[in-house]
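What follows is a single structure, written as structure tokens, with notes after it.
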Amino acid sequence: MTESLVTYAARDGVAWITLNRPVVLNALDTGLAAALADHAERAAMDPEVTVVVVRGTGRAFCSGMDRTALAAGTIGEPFYRHWIRALNCLEDMPKVSAAVLHGYSIGGGLQLALACDLRIATTDAVIGLGATRHGVIPDGAVLRLARLVGLGRAKELALLNDDIPPGEARAIGLVTWVCASGEVDATVARLVDKLRTASPTANAATKRLLHESFHHDPRALIEDVVKTQNECMASWETAEANRAWREKREPVYHPRPR
């Protein structure tokens with residue numbers, strides 16, 4: 001039986017999306033991009049899921065575009081449409097998305113990570129772009145990268161195509177945490193635990209408004225902010241937070257009460 005190019009599992013409020021072409025270091029082709037988009041949409045629509053973790057099997061997170069497929073002419077618009085659908089879904093979903101970068105996390109691998117809200121990198125991660133060396137643009141990064149690291153550093157990464165060490169990537173805001181390769185599972189578990197101390201409704205609304213702030217005059221969003229705050233104040237999470245305050249304990253948002 002042919003193994004899935006991308007696997008999906010959801011348990012205890014967390015969706016795990018795993019790139020599964022380890023023989024080619026999880027290189028991207030049209031089939032993988034389509035499966036990634038489908039699973040991202042599945043996680044986005046699951047009301048039980050509040051956190052989405054994107055990982056890669058084997059020795060790498062993702063080594064970028066499948067160069068064999070690109071050279072053979074089998075990478076075209078269908079690939080890019082699925083790829084855009086996957087990245088936009090991870091960026092826009094009302095859940096917190098996180099990528100785990102280990103080994104080669106280059107080209108499309110870094111582009112995929114940039115579409116996520118948070119990024120964990122291992123100390124052995126090789127991080128960089130490289131698209132223009134192959135005659136293409138870093139399509140998943142060119143519209144996101146400068147927002148994270150500033151225009152000057154974005155140009156440096158995208159035009160010179162140098163790899164950046166994980167520690168330096170952390171220093172400029174390209175990744176959120178750096179950990180030893182043997183500490184990935186524990187680091188992800190700590191991330192999930194930390195996210196569970198926050199209201200899923202408030203996190204989703206905060207993520208949306210942060211994104212909107214890049215597209216509009218912030219003052220034009222004031223009414224949206226007020227409306228959203230009223231919705232949060234009326235949520236079960238705020239009721240739980242208020243109850244916890246009175247009872248002198250931490251609020252419990254997971255699992256959601258039935």
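The values are calculated or read from the model by the stated rules, or taken from the named source; none is laboratory data. Bear in mind that the values here come from a model prediction, so they are computed numbers and not experimental data. In this analysis, Cβ positions are derived from the backbone assuming ideal geometry, glycine residues included, and neighbour counts consider all displayed protein chains. When the accessible area is computed, the model is the full protein with side chains, heavy atoms only, and any ligands, DNA or RNA have been set aside. Shrake-Rupley method; radii C 1.70, N 1.55, O 1.52, S 1.80 Å.
Normalised by 2.2 N^0.38 Å, where N counts its residues, the alpha-carbon radius of gyration of region 70-126 equals 1.27. Amide H contacts of residue 126 (H built 1.01 Å from N, in plane; Pro and chain starts excluded): 103, 104, 105 sit under 5 Å, all sequence-distant by 5 or more or on other chains.
For residue 227, the lysines whose Cα falls under 16 Å of its own Cα, not counting residues fewer than eight places away in the same chain, are 207. Protection proxy ranking of 236-245, 18-27, 162-171, by the mean of other Cβ atoms within 10 Å over each peptide's residues and highest first, is 18-27, 162-171, 236-245. Taking a straight line from the alpha carbon of residue 248, these lysines sit under 23 Å away, with near neighbours fewer than eight places off in the same chain left out: 194.
The amide H of residue 97, built 1.01 Å from its N in the peptide plane, has 52, 117, 118 as neighbours under 5 Å, considering only residues 5 or more places off or on other chains. Of the residues 93, 45, 65, the one that moves most in a GNM of the chain with alpha-carbon contacts below 10 Å is 45.
Share of Cα-Cα pairs in region 217-258 beyond 17 Å, in percent?
On the way: 399 of 861 pairs.
Tail of the P(r) past 17 Å holds 46 percent of the pairs.
Computed from backbone phi, the HN-Hα couplings of region 155-164 come to 5, 4, 5, 7, 9, 8, 6, 7, 6, 10 Hz, rounded to whole numbers (Karplus: 6.51 cos²θ - 1.76 cosθ + 1.60, θ = phi - 60°; Gly and Pro given as x). The listed residues 104, 8 rank as 104, 8 when sorted by accessible area, largest first, using a 1.4 Å probe. Calculated mean residue ellipticity at 222 nm for the chain: -13000 deg cm²/dmol, from DSSP H runs with n ≥ 4 weighted as -39500 (n - 2.57), summed, divided by the residue count and rounded to 500. What the phi angles of region 232-241 give under the Karplus curve with 6.51, -1.76 and 1.60, with θ = phi - 60°, is a coupling list of 5, 4, 8, 7, 5, 5, 5, 4, 5, 4 Hz, glycine and proline written as x. Result for the chain in a Gaussian network model with C-alpha springs under 10 Å: among 139, 224, 92, the largest mean-square fluctuation is at 224. Only one of the values (i) 17.1, 52; (ii) 17.8, 61; (iii) 19.0, 65 was calculated from this structure for Rg and Dmax of the Cα atoms in Å; name its label. Comparing each candidate, only (iii) matches the computed number.
In this structure, the amide hydrogen of residue 178, modeled 1.01 Å from its nitrogen in the peptide plane, lies closer than 5 angstrom to those of 121, counting only residues at least 5 positions away or on a different chain.
For region 134-148, the Karplus equation 6.51 cos²θ - 1.76 cosθ + 1.60, evaluated at θ = phi - 60°, returns couplings of 9, x, 10, 9, x, 4, x, 10, 4, 9, 10, 4, 5, 5, 8 Hz by residue, with Gly and Pro reported as x.
Computed from the alpha carbon positions, the gyration tensor of region 1-115 leads to an equivalent ellipsoid with semi-axes of 22, 15, 13 Å, biggest first.
Overall, the accessible surface of the chain at a probe of 1.4 angstrom is composed of carbon and sulfur to the extent of 57 percent.
For the chain, what is the percent of antiparallel DSSP beta bridges, rounded to the nearest 5? Mind showing how you got there, number by number?
Details: 7 of 29 bridges.
Of all bridge pairs located within the chain, approximately 25 percent are antiparallel.
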